[in-house]
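S.K.: A single structure is presented below for examination.
Readers should treat all values here as calculations from the given coordinates under stated rules, not as data from a laboratory. Worth saying up front: this structure is predicted, and the values here are computed from it rather than measured. Ideal geometry is used to build each Cβ from the backbone, glycine not excepted, and the neighbour counts take in all protein chains shown.
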């Protein structure tokens, strides 16, 4: 059974600091990795995706992937109160993922003004 | 223009009823999905549909039946609704089965 694990939090970070969110996955053949942000009562919104080992940066967000350790992380620099949300790690299986994304249970992030 | 749209946004119904949720995407994607998000906010795949191939999550009861009249639409029909079906149902679409998935706004189903 494919599993994606995240610390549910809440993770409390002061405004302006770096928020670090972590995720591990069980399927070693997983090919692509996504971070979605979900505000309460809203739909998941894609923040970052990463396919290769290493870092990928987009504005204040950096995704990090280590396939050997089966570990994905998301760093948010200069955290803003508007970053307060639940962050969902999602993994697409090997072979294109026709059976959909496997999501973690999400980390609830709170940015304290 | 909303990329992935679902109707209705809210659905309140009695146990035992049959209901449908509709989903349409205007992104030109060829793969569509239904996800269920329970009260603990856990998001789980129910179905994916690509080029007329339906992949069903084995844990989904057969009271749930997806129907896709064309690549832009994937509807979800639920028979004999139960209390445990209360959840938010999200439709999503992607280009190819490995592509980035974009989500609709969700349908909040409450079974009384």
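S.K.: Where the centroid of each part is defined by its Cα atoms, how far is the stretch A:47-95 from the stretch B:69-95 in Å?
M.R.: 28 Å
S.K.: For a Förster distance of 35 Å, can you work out the FRET efficiency between the beta-carbons of residue A:40 and residue B:62, rounded to the nearest 0.05? Could you put the intermediate results ahead of the total?
M.R.: Working: r = 32 Å, r/R0 = 0.93.
Calculated transfer efficiency: 0.60.
S.K.: Also: Compute the length gained on full extension between residue A:20 and residue A:58: take 0.36 nm times their separation in residues and subtract their Cα-Cα distance, giving the result in nm to one decimal. Before the final figure, lay out the partial values.
M.R.: Numbers: separation 38, 0.36 × 38 = 13.68 nm, distance 1.51 nm.
Length difference between fully extended and current span is 12.2 nm.
S.K.: Just tell me how shielded B:101-110 is by partners: mean number of partner chain Cβ atoms within 10 Å of each residue's Cβ, no decimals.
M.R.: Values: counts 10, 4, 7, 1, 3, 5, 0, 1, 0, 0.
Rounded to a whole number, the mean comes out at 3.
S.K.: Is the stretch A:38-95 best put as rounded, prolate or oblate by its Cα gyration tensor, with a ≥ b ≥ c the root eigenvalues, rounded for a/c under 1.5, and otherwise prolate when a/b is larger than b/c, oblate when not? Mind showing how you got there, number by number?
M.R.: Working: a/c = 2.48, a/b = 1.42, b/c = 1.75.
Since a/c reaches 1.5 but b/c is at least a/b, the shape of the stretch A:38-95 is classed as oblate.
S.K.: Once you average over the residues of B:44-51, how many Cβ atoms of partner chains fall within 10 Å of each Cβ? Please report the intermediate quantities before stating the final value.
M.R.: Working: counts 4, 7, 1, 2, 5, 1, 2, 0.
What the average comes to for B:44-51 is 3.
S.K.: Right, something else. What FRET efficiency comes out for the pair residue B:27/residue B:52, r = Cβ-Cβ distance, R0 = 22 Å, nearest 0.05? Spell out each step's value before the answer.
M.R.: Numbers: r = 19 Å, r/R0 = 0.84.
With a Förster radius of 22 Å, E is 0.75.
S.K.: In nm, to one decimal, how far is the modelled label at residue B:5 from the one at residue A:11, with both set 7 Å along Cα→Cβ?
M.R.: Placing both labels 7 Å along Cα→Cβ, they lie 3.6 nm apart.
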